[in-house]
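Encoded as structure tokens, the structure appears first; notes follow it.
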């Protein structure tokens with residue numbers, strides 16, 4: 001975690017030291033205005049994930065449309081997918097509204113989609129499926145990324161575990177915690193052609 005925070009701080013410090021001497025340099029200022037806010041966002045994201053992990057918010061349960069959350073999250077990430085030449089297929093079944101915290105569920109979907117995006121070497125694709133089986137509503141997110149090594153499958157939900165060059169290793173831990181609080185489950189399968197995550201949530205009393 002110290003490494004992940006130190007890298008963007010080093011960039012910010014370097015730019016700040018050069019600013020007094022180069023404040024009239026338009027090229028430098030363009031880089032400063034582009035890079036420094038991005039590095040601050042990195043630190044902010046790490047701190048946010050730490051706070052979510054160390055002191056997760058209580059659930060604000062209400063009737064929730066899972067498909068709507070998927071669509072909103074995909075729209076939010078649309079530019080990222082376009083930049084990385086990733087196509088996204090959505091196969092969303094008619095679902096009943098469930099009792100859930102929509103803000104936290106959207107965070108779980110966002111984390112899984114960001115993981116999928118990062119795992120893909122362009123071009124690639126992500127497939128999202130929703131459905132209902134018995135008393136459960138499910139969401140499956142599959143990607144054509146590099147997959148997860150067999151020996152890592154049992155560790156991917158552990159806090160701070162990551163094989164990425166960058167990242168806090170908290171994204172999947174947060175997902176697991178959110179789904180567990182909803183009395184649901186997260187299952188993962190992987191091959192060399194990509195990984196697939198399946199979230200199952202109680203459909204609840206539909207009356």
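Under 24 Å from residue 156 (Cβ atoms), modelled with pLDDT of 95 or more and either within 14 Å of the chain's Cα centre (by Cα) or surrounded by 14 or more Cβ atoms within 10 Å (Cβ to Cβ) (or both): which single residue out of 64, 130 fits that description? Full working, then the answer.
On the way: 64 fails: under 24 Å from residue 156 (Cβ atoms).
Step by step, each of 64, 130 is checked, and only 130 is under 24 Å from residue 156 (Cβ atoms), modelled with pLDDT of 95 or more and either within 14 Å of the chain's Cα centre (by Cα) or surrounded by 14 or more Cβ atoms within 10 Å (Cβ to Cβ) (or both).
Being more than 28 Å from residue 134 (Cβ to Cβ), assigned by TED's automatic domain parsing to the domain that holds residue 182, within 22 Å of the chain's Cα centre (by Cα) and part of a helix (DSSP H, G or I) is true for just one of 79, 44. Which residue is that?
Of 79, 44, the one residue that is more than 28 Å from residue 134 (Cβ to Cβ), assigned by TED's automatic domain parsing to the domain that holds residue 182, within 22 Å of the chain's Cα centre (by Cα) and part of a helix (DSSP H, G or I) is 79.
Scan (1) within 21 Å of residue 156 (Cβ to Cβ); (2) at pLDDT 95 or above for the single condition residue 118 breaks and write down its number.
(2)
Going through 137, 88 one at a time, which residue ends up being farther than 30 Å from residue 43 by Cβ, outside any loop (DSSP other than H, G, I, E, B) and at pLDDT 95 or above?
Values: 88 fails: farther than 30 Å from residue 43 by Cβ.
It is 137.
So for region 24-38 (the condition being in the same structural domain as residue 7 (by TED's automatic domain parsing), surrounded by 12 or more Cβ atoms within 10 Å (Cβ to Cβ) and in a loop (DSSP other than H, G, I, E, B)), does at least one residue qualify?
yes
Looking at region 177-207, which of its residues are surrounded by 15 or more Cβ atoms within 10 Å (Cβ to Cβ), on the phi > 0 side of the Ramachandran plot and outside any strand (DSSP E or B)?
204
The values are calculated or read from the model by the stated rules, or taken from the named source; none is laboratory data. None of the values given here were measured: they were computed from a predicted structure. Cβ sites come from the backbone with ideal geometry, for glycine too, and all protein chains shown count toward neighbours.
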